[in-house]
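So the structure is just underneath, and the comments pick up after that.
Taken together, the values in this text are just the output of simple stated rules run on the coordinates, not laboratory data. From a predicted model like this one, the values you see are computed outputs, not experimental measurements.
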Amino acid sequence: MTTADPLPGRLRDAIYALRKARLGLERRRLDYGRETDERAERLAGVLPASVDELRAYEREYENLEWFHDAYADRVAEIHEAGVATDTTHWRDGVTLYVVCRALEVETAVETGVLFGSFDAHILAAMERNGGGTLHAVDLPGGPPGRFDYGHLIPDRCREHWELCEGDALAVLPDLLEAVGPVDLFLHDSDHRLPHMRFEYETALPHVSPGGVLASHDVRLSRLFDRFTDANGLPSCVVCDTGIGRQSR
Ligand SMILES: C[S@@+](CC[C@H](N)C(=O)[O-])C[C@H]1O[C@@H](n2cnc3c(N)ncnc32)[C@H](O)[C@@H]1O
């Protein structure tokens, strides 16, 4: 919102703050154990993979020792530095890992990197797939503290990561145009409704048939459900992540 029109901007921020507070309460009530237990069943309703195949990818993730060692070290560095983090929980990362393995995602675009929890999981899956590129967008300037964007990404998969610094509002349309059809688009940047809607609407035409439009923090509002319904995308929510699949 521009300075010429401050009231709607402030109102929007107030509504967003209320939604975040409500989400905080809802998260306390949410049974994340059950959510993760049901991940494979829920994803099987959306992806072209059976529950058994999806569970096998979950087990594969659990056994990725090189990933967990590198990831745990980097998480510890961030915690020891006392940097306030808004880092996405690994349980949502696992959902993206499974999606990227099941669809053999080669080209992905993500908004909102911060320390790169999602990036690390997507890139680990790409490494197992045998290649791919994740184009990631975040605001200029870097995260708080001494770390760079994507600090959680293990060195082993960094070569598949392309960082684009800029406001998604400004850079996303051209980036999606330049990258071509994407197998996965993931929103995790500014969760205020107009921005989420902008990203969903901008990205969907670039999601390849059978590809996925994913979003974090979908429980903040009904937007993800409404958007996927309106566009005829089968979808599910696991923990705090929504997965919608573009028709073939
Ligand atoms: C919740 S954090 C992302 C967490 C990250 N996906 C992870 O896996 O840990 C939100 C990020 O979105 C970025 N962001 C906010 N507004 C943005 C915008 N308009 N364009 C691009 N990035 C934005 C912030 O700088 C911040 O790093």
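Report the Cα centroid-to-centroid distance between segment 194-224 and segment 230-244 in angstrom, as an integer.
9
Taking Rh as the Kirkwood radius computed over C-alpha pairs, what is the Stokes-Einstein D of the chain at 25 °C in a medium of viscosity 0.890 mPa s, expressed in µm² per second?
So the translational diffusion coefficient is about 134 µm²/s.
From Cα pairs below 8 angstrom and at least 6 apart in sequence, can you work out the relative contact order of segment 116-224, rounded to a whole percent?
Worked out over segment 116-224, it gives 24 percent.
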